[in-house]
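Worksheet for the structure shown next.
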Amino acid sequence: MTPFRLFLSLLLIISSVAVAQARTVWVDDKVYLPVRTGAGSQFRIIENAVSGTRMEVLETGDGYTRVRTSKGNEGWVASQYLSNQPIAEDRLQQATRDLETARAELAQAREQLNAVTSERDELESAESNLSSRSRQLQTELERIKNIAADSINLERRNRELLEDNQKLRNDLEVLTAENERLEAGKESDFMLLGAGLVFAGVLLALLVPMLKPTRKTDNWA
């Protein structure tokens, strides 16, 4: 093997090893922003603010901004590292929280929908039962009306019978009085007849002796 070929083989082997050892990496977004006592890198650092830290702007200068941190420290930071909106990680976390909240609300809405659907089914069942009960009550009402009508007819018939009975009682009283009068008249007639018979008997008793022939006295004796 010639030296050139040997060199080429070694180069290929080294390249293969380098490719085999290659990997993908990302830049860490955890950036620490120094808060200094003055507007410049020569001033002392009083706090290292991590990326995403909320700050209150107190004063704006040339390339630096005077701020108050969440810890209450006041100092200067480089304006180029400040943003008017939260960092992407915070926005992603907020979006994730919003998504979780939306999912929870969706699950709650589904539960409420299921509850409303179940309640609707119960109401429909109750309505069906009420309709059936209403029909039964309507039938019962018709029966009661018929009974009431029969009762009214019976009451009217009863009144008519009572009136007829009262009329019969009145007629009976009249007939009884007439019968008593006739009975009294018969007794009077019987008494008169009896008196007449007695008088006739007495009269006959008086007349019969007078009608007998008198026996003549026998003078020849």
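Read the figures in this text as sums done on the coordinates, not as results from a lab. The structure displayed is predicted, hence computed values, not measured ones. Because the Cβ atoms are built from the backbone with ideal geometry, glycine has one as well, and the counts that use them run over all protein chains shown.
Using modelled amide H (1.01 Å from N, peptide plane; none on Pro or chain starts), what sits under 5 Å from the amide H of TYR64, excluding residues fewer than 5 places away?
For TYR64, whose amide H was placed from the backbone, the distant partners under 5 Å are SER79.
For GLY38, what is the net charge nearby, where nearby means another residue's Cβ is under 11 Å from its Cβ and Lys, Arg count +1, Asp, Glu -1?
Numbers: positive: ARG36, ARG44, ARG66; negative: none.
Taking every other residue near GLY38 into account, the sum is +3.
Compute, for segment 32-83, the length of the dipole vector about the Cα centre, with Cβ point charges of +1 (Lys, Arg) and -1 (Asp, Glu) only. Units Debye, rounded to 20.
Details: 6 positive and 5 negative charges, 29 e Å.
It comes to approximately 140 debye.
Using θ = phi - 60° and the Karplus form 6.51 cos²θ - 1.76 cosθ + 1.60, what ³J(HN,Hα) does each residue of segment 123-132 get, whole Hz, x for Gly and Pro?
For segment 123-132, the Karplus curve yields 5, 5, 5, 5, 5, 4, 5, 5, 5, 4 Hz.
Could you tell me the distance between the Cα centroids of segment 100-169 and segment 33-92, to the nearest Å?
Value for the Cα centre distance between the two parts: 77 Å.
Take peptides 174-182, 45-53 and line them up by average Cβ neighbours within 10 Å, highest first, as a rough protection proxy.
Values: 174-182: 10.1, 45-53: 15.2.
In decreasing order of mean packing, 174-182, 45-53 become 45-53, 174-182.
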